[in-house]
Structures are given as structure tokens and as C-alpha cells.
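In what follows, a structure is listed as C-alpha cells, so that the remarks can point back to it.
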Amino acid sequence: MDVSASGFLAAALSAASLAVSQRGGPLCRELARGVLELSPRGAHAATPAFVVSAGVHGNETAPVEILAAIVDDVLAGRLPLGVRLLAALGHPDALQSGERYLDYDMNRLFCGRHALQAGAREAARAAELEACVGEFFDTARGARLHYDLHTAIRGSVYERFAIVPYLGGERPARQRLATLAGAGIEAVLLHSAPAATFSYHTSHHHGAESYTLELGKARAFGQNDLARFAAIDAQLRRLVSGEPAREGKIPPCFAAKYDLIKKSEAFRLHLDADVENFTRLAAGSLIAEDGATRYVAAGGDERILFPNPGVKPGLRAGIVIGPVSP
Ligand SMILES: O=C(O)CCC(=O)N[C@@H](CCC(=O)O)C(=O)O
Ligand SMILES: [Zn+2]
């Protein structure tokens, strides 16, 4: 890592305990490496419980810098705390090496899926994070919110977008979409099936209002232009301090139609190497093929999200999406 880290981030990266004064400030409990629970004095069961995670992928560093600065500000008394906050730096070892993952994509290992990849370093960490959020939400009787902060490998037609985990066929309330817009979110993808992601885990197993937030392009520590993240930073600070969230105009919504699954090493993606997320797919064009399986665009404003032929066989190599009304 080529930037000097301090406070919460430095402690997580070096696997050291964070030295926190417990006098007067919020109550502070370290649940695991890089996982800190902060509670205002006088918090009770109905106090809103907010999980903010970042760095589930080790190459996505801007959200980590933002979350770490917020935690440091709360601990130093520069930002008031109005909720119970669980701040989680997802994968400190991958953050150290600047890689998306070390052995296996951790955002495919939640909902107990880690048991199927027991040898992977991410399996143990996914299980640990599941235990931390389980303990955190266990006593929460008020609002439960989870923002899992990411950045994307590619550029995007919509620079900042939210992914709503599958809600069993329900649509998120319009007010929730307005709150995402207030965080600078320009488009929303609704998943159409369960997944083994962190946001689906907290939504499905803990009844949280959960999102994966894609906030820009993935860059290494020291190379982020944090001004591009000002809207999410401001919204997080409002939510953490218990102020009303800012709302904006309902963003365009899309739904996942199907995943491009890389079944074998024969998988070929037939899109430009630099194609952006949310690029329209011309009707009838060949998107990808994998042996005898051919993925052809159906038209009707179909678009591509997260195309990545480099994933391990068995995993998602892209999502074909289409517009839906919010
Ligand atoms: O840029 C990419 O190809 C991947 C960015 C990323 O990490 N996205 C998340 C989305 C999770 C979800 O579908 O909720 C991921 O792939 O894990
Ligand atoms: Zn990610």
C-alpha cells in the first residue's frame, strides 16, 4: 500500500487492535479484525442499526478511505453518532495486496456458501463477517440498514449505481429509491434471484434494508479522487449522525434478466474489451458463448453489467439487464 493510513484503517491493515478512549465518547467494541461496533451512550433496542461495509474486494479502495475517515471522525468526537454503527472493512489481507481476492471472490461466499470453499482464505473471513452481522443485528428492534460499498472494474454509463438484492419479487419503496438518489445514485439494478453476496445475506437473513453500492471506478489507495464520492460521503455522515437522509429524484431502474454464467474455460465474451457498464446491446448481437451455449441480445433496451470473462468457472461473468418502472 503506497499511502499512509491511520486510525481504523491502519489498525485493520496491520491486524493491530485499535486504541480507543472509552471515556465519554461512543461505546466501542472490536468484533473482529477491521470490524468495529460503535454505539451512542444510551442506545436501546429501538436505536437504528446501520452496517457499513467496504473493501469486500481488496482493489476497491475509495469506499474504504471514506468509511475509515467517518469512523475516525466519530471516535475523535468530530461527527456525532446517532445510530448503532457496525463499520466493517471486508477483506484486510486483499486490501493489503490490492487484489480483488486472494483465493476466491468473497462476495460469492455469503449465505453459508463459504462452507463449499473451505480452503479459501475468503471462506473463513465470510464466515467471520456473517457472525459479526448476526451478533450486531441480534438485539436490533428498530430500523436495520446495510450499505455494502464497492467500486467497479469498468467505467459506467451511470457512474454511481445501487444494486438491490432480490426481495422475493417485491419492489423497494419509492422513498428508499429517493434516499439512494440523495446519496448521488444515478441508477438502480433490482436483482431477480437470490445470490451469495453480502447485501443479499443481510437482507435475507436479518431483514435489513440492504444495498450493494457501486460508487465509481476501482483504483488503488492513493489514486482516488475523493471529490467524486462527496455525495455518498455526505449521506453516510447524515445517516451515521441520525440526521434525516437527503432525498433526490427517483433514478432509472433496471432488473436483472439473466446472468452470463462462465460454465467452462471455453467461455468467450463478444463485447469490446473496454465496454462500459449499462451499455446497450444491439438486438440479435452475440454477447458471449460457452461451448454450445450462445447468449444473444433480445433487444428492448437490454444492457450489459459487470462483463468479466476472467472469473472462475461456475461464477457470473456478466448480467444482462433491462429497464423496469420503479
Ligand atoms: O466491476 C465489476 O465487474 C464487479 C464490481 C463488483 O464487485 N460488484 C459486486 C456486485 C454485487 C451484487 O451483485 O450485489 C460483485 O460482483 O460482487
Ligand atoms: Zn466489489
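Mind checking whether some residue in the range 208-228 is in a helix (DSSP H, G or I), under 25 Å from GLY142 (Cα atoms) and away from ligand 1 (no atom under 16 Å from the Cβ)?
If we filter the range 208-228 for residues that are in a helix (DSSP H, G or I), which is where we start, we get 226-228.
Checking the rest, the ones that are also under 25 Å from GLY142 (Cα atoms) come to none.
No, there is no match, as no residue in the range 208-228 is in a helix (DSSP H, G or I), under 25 Å from GLY142 (Cα atoms) and away from ligand 1 (no atom under 16 Å from the Cβ).
For the range 124-158, give me the residue count where each residue is assigned to a helix (DSSP H, G or I), within 16 Å of ligand 1 (Cβ to nearest atom) and touching a Leu at 6+ places or on another chain (Cβ under 6 Å).
Selection size over the range 124-158: 1.
Hey, can you tell me all the residues within the range 42-57 that are within 16 Å of ligand 2 (Cβ to nearest atom), among the aliphatic types (A, V, I, L, M) and assigned to a loop (DSSP other than H, G, I, E, B)?
VAL56
Has the range 254-261 got at least one residue that is within 16 Å of ligand 1 (Cβ to nearest atom), touching a Leu at 6+ places or on another chain (Cβ under 7 Å), of a type in the set (Lys, Arg) and over 21 Å from VAL71 (Cβ atoms)? First the steps, then the outcome.
Going residue by residue through the range 254-261, those that are within 16 Å of ligand 1 (Cβ to nearest atom) are 254-261.
Remaining after also requiring touching a Leu at 6+ places or on another chain (Cβ under 7 Å): 254-256.
Restricting the remaining residues to those that are of a type in the set (Lys, Arg) gives none.
Within the range 254-261, none of the residues are within 16 Å of ligand 1 (Cβ to nearest atom), touching a Leu at 6+ places or on another chain (Cβ under 7 Å), of a type in the set (Lys, Arg) and over 21 Å from VAL71 (Cβ atoms).
Given the conditions (1) of a type outside the set (S, T, N, Q); (2) within 16 Å of ligand 1 (Cβ to nearest atom); (3) buried (at least 24 other Cβ atoms within 10 Å of the Cβ), report the number of the one that ARG100 does not fulfil.
Result: ARG100 passes all but (3).
Could you tell me whether any residue of the range 163-180 is away from ligand 1 (no atom under 16 Å from the Cβ), among the aliphatic types (A, V, I, L, M) and either within 30 Å of ASP274 (Cα to Cα) or within 19 Å of the chain's Cα centre (by Cα) (or both)?
yes
Which of (1) part of a loop (DSSP other than H, G, I, E, B); (2) within 16 Å of ligand 2 (Cβ to nearest atom); (3) not basic (Lys, Arg) is the odd one out, the single condition LEU67 does not satisfy?
Answer for LEU67: the failing condition is (1).
How many residues does the range 183-207 contain that are under 21 Å from PRO326 (Cα atoms) and buried (at least 20 other Cβ atoms within 10 Å of the Cβ)?
11
In the list ARG113, ARG121, ARG144, which residue meets the criterion of being among the charged types (D, E, K, R), away from ligand 2 (no atom under 16 Å from the Cβ), over 14 Å from the mean Cα position of the chain (by Cα) and buried (at least 19 other Cβ atoms within 10 Å of the Cβ)?
Residue meeting the stated conditions: ARG144.
Which condition number in (1) modelled with pLDDT under 95; (2) surrounded by fewer than 17 Cβ atoms within 10 Å (Cβ to Cβ); (3) over 27 Å from ALA218 (Cβ atoms) is the one that PRO26 fails?
(2)
Name the residues in the range 30-64 that are farther than 16 Å from ASP148 by Cβ, surrounded by 14 or more Cβ atoms within 10 Å (Cβ to Cβ) and of a type outside the set (A, V, I, L, M, F, W, C), would you?
GLU30, ARG33, GLU37, SER39, PRO40, THR47, PRO48
The values are calculated or read from the model by the stated rules, or taken from the named source; none is laboratory data. Since the model is a prediction, treat every value here as computed from it, not as a measurement. Because the Cβ atoms are built from the backbone with ideal geometry, glycine has one as well, and the counts that use them run over all protein chains shown.
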